[in-house]
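> This is the structure I have questions about; it appears just below.
The values are calculated or read from the model by the stated rules, or taken from the named source; none is laboratory data. Predicted, not measured: the structure shown is a model, and the values here were computed from it. Here Cβ is always computed from backbone atoms with ideal geometry, including for glycine, and neighbour counts include all displayed protein chains.
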Amino acid sequence: MWIFFPLFIGISLAMDALAASVALGAAERKNFTVFKILVTAFSFGFFQMFMPDAGWYAASLCGDLVIVLGRVTAFLLLAFLGGKMVFEAVKKKKEEEKEENKGFSFFRLIILSFATSIDALLVGVSYACIERGDILRDSAVIGLITFILCMAGCSLGRVAGNKFDNKCDIAGGTILILLAFKILLFK
């Protein structure tokens, strides 16, 4: 019976990572290989798995400070990356766009993975508040669900990116900016 709680939490937490993986897939298009899809899904899944544990431990040290700083940090990172994606999509010419691999970099992936997992950190804080002891199984389920959904999101984004070309870069960047505001403004 314990599986239902982390299953539903995992699905809801994975939505930000899913949106970001669709945006990455759309930006990368044909350059988004199976290996890059697996690395992307693993990164999002790992951070979604790790952050509840980090939140659980951090809440015991400085509860409210973790919540405020986490939300602001996620907002700044996602808004910056989304704005940069939109700016580059509008600025670039078609010839430059085909030559440059603009969507995938390990550094960008780590930032996105961290920023989209801030809500998982807050779930860990809430676990500590209700004095839930062992959350490792829950974290593993959350990470696995995120991994699976992000693999599907990357593939969907790649197909959409190939079909709709440059418009997907603008849409992907806009999605990241909207995620940033969602994290900042809503609990």
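> In region 118-154, how many are under 30 Å from Phe87 (Cβ atoms), hydroxyl-bearing (Ser, Thr, Tyr) and modelled with pLDDT under 90?
0
Let's see how each residue does on (1) basic (Lys, Arg); (2) at pLDDT 70 or above; (3) surrounded by 13 or more Cβ atoms within 10 Å (Cβ to Cβ):
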site: Gly82; (1), (2), (3): no, yes, yes
site: Lys94; (1), (2), (3): yes, no, no
site: Glu100; (1), (2), (3): no, no, no
site: Phe107; (1), (2), (3): no, yes, no
site: Leu112; (1), (2), (3): no, yes, yes
site: Ala115; (1), (2), (3): no, yes, yes
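> Separate question: Quick one: is Val72 among the β-branched types (Val, Ile, Thr) and at pLDDT 70 or above?
yes
> Which residues, taken from region 155-170, are modelled with pLDDT of 75 or more and surrounded by fewer than 24 Cβ atoms within 10 Å (Cβ to Cβ)?
Result: Ser155, Leu156, Val159, Ala160.
Matching residues to (1) of a type in the set (Ser, Thr, Tyr); (2) within 13 Å of the chain's Cα centre (by Cα); (3) modelled with pLDDT of 90 or more; (4) in a helix (DSSP H, G or I):
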site: Ser12; (1), (2), (3), (4): yes, yes, no, yes
site: Ala20; (1), (2), (3), (4): no, yes, no, yes
site: Ala23; (1), (2), (3), (4): no, yes, no, yes
site: Phe35; (1), (2), (3), (4): no, no, yes, yes
site: Thr40; (1), (2), (3), (4): yes, yes, yes, yes
site: Met49; (1), (2), (3), (4): no, yes, yes, yes
site: Tyr57; (1), (2), (3), (4): yes, no, no, yes
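> Would you pick out the residues in region 35-49 that are surrounded by fewer than 19 Cβ atoms within 10 Å (Cβ to Cβ) and in contact (Cβ under 8 Å) with a residue 60 or more places away in the chain? Don't jump to the end; show me each part of the working.
So the first thing to find is which residues in region 35-49 are surrounded by fewer than 19 Cβ atoms within 10 Å (Cβ to Cβ), and the list is 35, 38-39, 42, 46.
Selection gives Leu38, Val39, Phe42, Phe46.
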